[in-house]
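Heads up: the structure comes next, in structure tokens.
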Amino acid sequence: MAQVWAHWHTVLITTAALVPLTLLVVAGMVRRRSRAGVSRGRAWRWSLAEGAMVLGTLPWVWMTLTPVQVPPGTVLVYLEPLSDLRAQLTQPLPWVITQVGGNLLVFFALGAGAPVRFAAFAAPARLLLLLGAACSLMIEVTQLLFVTNRVCSVDDVLVNAVGCLLGGLATRPWWSRARVPVPA
């Protein structure tokens, strides 16, 4: 944990500092939507989902796009599915938890909020493929092209996409009941 703090304290402090600002923005969005005729419950649900998606995703994206020091001889590109994950699972348990857990969390908040706010993402396959995998692929390509010393892996895309799906499944009670068809 001390190593995580030493390397990422700026991201963690900035994120914590943005929580009150995010809550103020969410409250302002609720007020504006309520004035525009959106029900108070829906205004809160949508605004909280948007705030959570942004504040819960941006720190992870910041971390993934930050150059890091890697040991000499480290493989930087893994194109064979499950090869990087298999190599990670041979490491000590705290390292595995940090790597796999961190990759699951990258798009967890995005997946949790997207179907609450946008009906188009209220399907597990869309969360997994259209949102999770597509966003993760964009990050991996960006790392490959513009960020030095970052490991780019097809397994990161898979694990990030699963994290997005898990986030959506965690909030399913809020988006599945909100999608009841309205009679014509």
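The values are calculated or read from the model by the stated rules, or taken from the named source; none is laboratory data. What you see is a predicted model; the values in this text were computed from it and never measured. In this analysis, Cβ positions are derived from the backbone assuming ideal geometry, glycine residues included, and neighbour counts consider all displayed protein chains. The protein model used for the area step is the full one, side chains on, heavy atoms only, and it has no ligands, DNA or RNA in it. Shrake-Rupley method; radii C 1.70, N 1.55, O 1.52, S 1.80 Å.
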Where does the chain land on Rg(C-alpha)/(2.2 N^0.38 Å)? 1.15
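What ranking do 98-106, 32-40, 78-86 get when scored by the average of other Cβ atoms within 10 Å per residue, highest first? Mind showing how you got there, number by number?
Numbers: 98-106: 18.6, 32-40: 11.8, 78-86: 14.7.
Put in order of decreasing packing, that is 98-106, 78-86, 32-40.
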For the chain, what % of the accessible area comes from carbon and sulfur atoms, probe 1.4 Å? 72 percent
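Which of rounded, prolate, oblate describes segment 88-157, given a ≥ b ≥ c as roots of the alpha-carbon gyration tensor eigenvalues and a/c under 1.5 marking rounded, otherwise prolate only if a/b is larger than b/c? Let's see the in-between values first.
Working: a/c = 2.70, a/b = 1.52, b/c = 1.77.
Oblate, since a/c reaches 1.5 and b/c is not below a/b.
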Could you give the size of the charge dipole of the chain about its Cα centre, using +1 on the Cβ of each K and R and -1 on the Cβ of each D and E, expressed in debye and rounded to the nearest 20? 1260 debye
On average, how much accessible surface per residue is there in segment 70-137, in Å², for a 1.4 Å probe, leaving out ligands, DNA and RNA? 55 Å²
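Take each uninterrupted DSSP H stretch in the chain, measure its Cα extent along the helix axis, and return the ones at 27 Å or beyond whose mean Kyte-Doolittle hydropathy is at least 0.5. Could you put the intermediate results ahead of the total?
Working: long enough: 2-35 (47 Å, 0.71); 40-64 (36 Å, 0.14).
Qualifying helices, which must be both long enough and hydrophobic enough, are 2-35.
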Sort 144-155, 49-60, 16-27 by the packing proxy (mean of other Cβ within 10 Å over each peptide's residues), most packed first. 49-60, 144-155, 16-27
